Each structure stands twice: as C-alpha cells, then as structure tokens.
Amino acid sequence: MNIGISCHHTYGGSGAVAAELGKALAAKGHRVHFFSQAAPFRLGAFSRNISYHEVEMMHYPLFETPFYTLALASKIAEVAFYEKLDVLHAHYAIPHALSAMLARQMLEDKCAESKCFKLATTLHGTDITVVGADRGMQDVVRLAINKSDGVTAVSDYLKDETVRMFNPKKVITVIPNFVDTSLFFRSPKQEIREQLGLGNEKIVIHISNFRPVKCIGDIIRIFYAVSQKSRATLLLVGDGPERSEAETLVRQFGIVDRVKFLGKLVDIVPLLSIADVMLMPSNAESFGLAALEAMACGVPVVATLAGGFPEFIEQGRHGYLLPPGDIEGMTEKALLLLADEKHWLACSEECVKQTKRYETTLLVEQYEAYYTKLLTAQ
C-alpha cells in the first residue's frame, strides 16, 4: 500500500506512535509518506520506503498566525495526486483529519471519488478531551470524525469519551498504542550512571511533554517525600510549559542535587534501564505510552486511576494506580517498590510479560487489516 501519515512532529505519544507505525509499515514493504512541520522526533534514519514532506506555511502580515491547516491540506493533495496515495492516516482529528478532508476536496476535479485516498483518523486524546471540550471547536471535531472513512482510538477510555461527547456516526475501533520490545528492554549500563554522576542510589523517572495535565508539580512533591526516606535521584526527561514551576519547586524543597532535568531525549532506553520506578500522576491520560515503554524495560509504574492506565496496568502486579492528586498514596507505593527488592523484581518481571501483548508487530498487523477494510469497503 501507499500510505500517508499526518502527525505532530513534537515530543509526545501521538508523534512517537505515528513515527513507529510508519517505520514498521515501511519495513514490511509499504510506501510511507510523512506530513508534518518538521521530521517527527522518533523518525530517525530514513529508509527507501519512507518519504518526508515538510509543510511550509505562508507568512503574511495581514494574518497573526500562519495557515498550517491549509498548508498541510495543500501538501497532502499534491503528494496524494502524484504519488497515488491509498490511505491517509491522520493522527489527531484537528488539524490533521480536517486538512485531509480539504485535500480530498481539492482533488475532486482531478480524480474520481473511488480513486481518491481513504481517510483513517486516530484519536489520541487531547483532540477530544481538550480541543473537543472547547464549545467553539466541538462541531469542527465532530465534522472531522464523521467525514473520516474510519476512526480508531488508542484506548477504550478514549473511545467511550468520544462517544459520550460527540455521539459520532462512525463506529470507533480501538487499536491501542504499542512498543517494540526488541528495542525497549532492560539493559543497564554502569557508564550511564557515571555520565549522569549517579552512584548506587535508586532511580525514579518521569518522561513527558511537561504539559499541565501531566501534573509535574505533583511529581516533585511525591519525590520530595520519597527522598526523605530513601536515597534516590529523580530523572525528568522532556520539556514543556510546566518545567519552570518544577524547577522552582525543586529549589524550594532543597533537592536540587537529587533532581536532574535532562530535556528532550530520543533514546530513552538507557535511562529506563537504570530506573526503578516511573511516576505518572497525570490528571488524564488517553493511553500512557511512556508508561508502556517503561514497563517493557522492567520499570514498575506508579500512576493514576485515570484514562487508559487501568487498561494495561494491573494494581499490585505492574505497579500501582491511585486517584489523581493522591500525593501521599503515590509516595507510599513508590517507597514500597523502592524498599522491597523481592516485590520490585516480581513487578518488573510482570511488566515485561504484559508488554508482549502490545508488541509492535501485532498492532501494526491490526492497522494493516484496518487499511485493507477501508480500501475494500463499498
């Protein structure tokens, strides 16, 4: 198949999933075209079956912001016509599915409807729970969903939220996020500790785009409480709007020497391989890819009873789930995992077993079957 993938290039789960999906499809012989403002952060080295099309936006003094949605639509239409795309897979309803809709309208005079690409839209979360929750955007999101040929969601939670909020005409298929366990596995290296100036202390880790929903302040508060009873270091991977608050809290709590802000990193396996616990106290999480990748590296997760976490994290088996904002409870469970070596080892082994159910090859096959279904539908 000739497949287009429209996605965000920035640090986050949706961009990671889109890039990994495209690479896996290309490895299976499909031709894959990526559309975004910059190369997706997980794309890495190019292969002969992958093309990247940068979306260039026009800047005009009359308008305050560039026309990304229109520029993306124009680029998709251009590539779809000349490369004969079979499927355009939009990751996020807004703006990607909307741009793909416009692209198809641009092509109406150039190709028969039966010859135009099919539009598959994957909902990742904030397009529903944040953008879609805005009353001024609800009808736009509903339009993008209903005009797609097929719609998938990354969790049952997100599917249910979409149905509740939009009552869409389309049947939503759940295809969860995935992890390549041939790349994500525990392989601790002493030189990583040395490079970070670490000794033999326990390692707590968090990876995200530092948006408000990730509750970065709660992570600092939990770790401060943990640090009073355990010799540990906190590794914060990523960056975003909440970093400044986190740095302020770290200074206020006097734990600057025990918290390391590492910024946006693509290769996170070496860090996950030395980590003992991952903290994910999000208020909402449509799936939680970072937690799944941590589990593949044998890292138990202390997360919230929110969103998609309960769909792949079992209480006491892969870590612990507590109500959002329960700093005391999360502190207690993190300390339990850090202190009880036997319990930690059992959880670590179960985490690795659990991720086999979310292996990349299994989920990519589901996407292939989904594309085929769209292409053969009357």
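Select from 325, 240, 136 the residue whose mean-square fluctuation is largest in a Gaussian network model of the chain (Cα-Cα springs shorter than 10 Å).
Maximum among the listed residues: 136.
Take the cross-link list 189/342; 115/147; 75/264; 118/170; 118/356 and give me the ones stretching past 20 Å between alpha-carbons.
189/342; 75/264; 118/356
Computed from the mean reciprocal separation of all distinct C-alpha pairs, what Kirkwood hydrodynamic radius does the range 278-342 have, in Å?
11.6
Over the Cα atoms of the chain, compute the convex hull volume and normalise it per residue, giving Å³.
Cα convex hull per residue, to the nearest whole number: 145 Å³.
Output the peptides 12-23, 291-302 sorted from most to least packed, where packing is the average of other Cβ atoms within 10 Å over each peptide's residues.
Top to bottom by mean Cβ count within 10 Å: 291-302, 12-23.
Which one, 223, 67, 287, has the greatest fluctuation when you compute a Gaussian network model over the chain with C-alpha springs under 10 angstrom?
Comparing 223, 67, 287 in the GNM, the peak value goes to 67.
Which of rounded, prolate or oblate describes the range 190-358 when judged by the alpha-carbon gyration tensor and an a/c cut-off of 1.5?
Here the range 190-358 falls in the rounded category.
Please list, ordered by chain and number, the residues whose modelled amide H lies under 5 Å from the amide H of residue 33; skip anything fewer than 5 residues away on the same chain.
For residue 33, the qualifying residues are 3, 4, 5, 51.
Based on Cβ point charges of +1 for Lys and Arg and -1 for Asp and Glu, what charge dipole magnitude is obtained for the chain about its Cα centre, in debye rounded to the nearest 20?
I would put it at about 420 debye.
No value in this document is a laboratory result; all are computed from the given coordinates. On a predicted model such as this, the values are computed, not experimentally measured, just so you know. For neighbour counting, all protein chains shown are included, and Cβ atoms are generated from backbone atoms with ideal geometry for every residue, glycine included.
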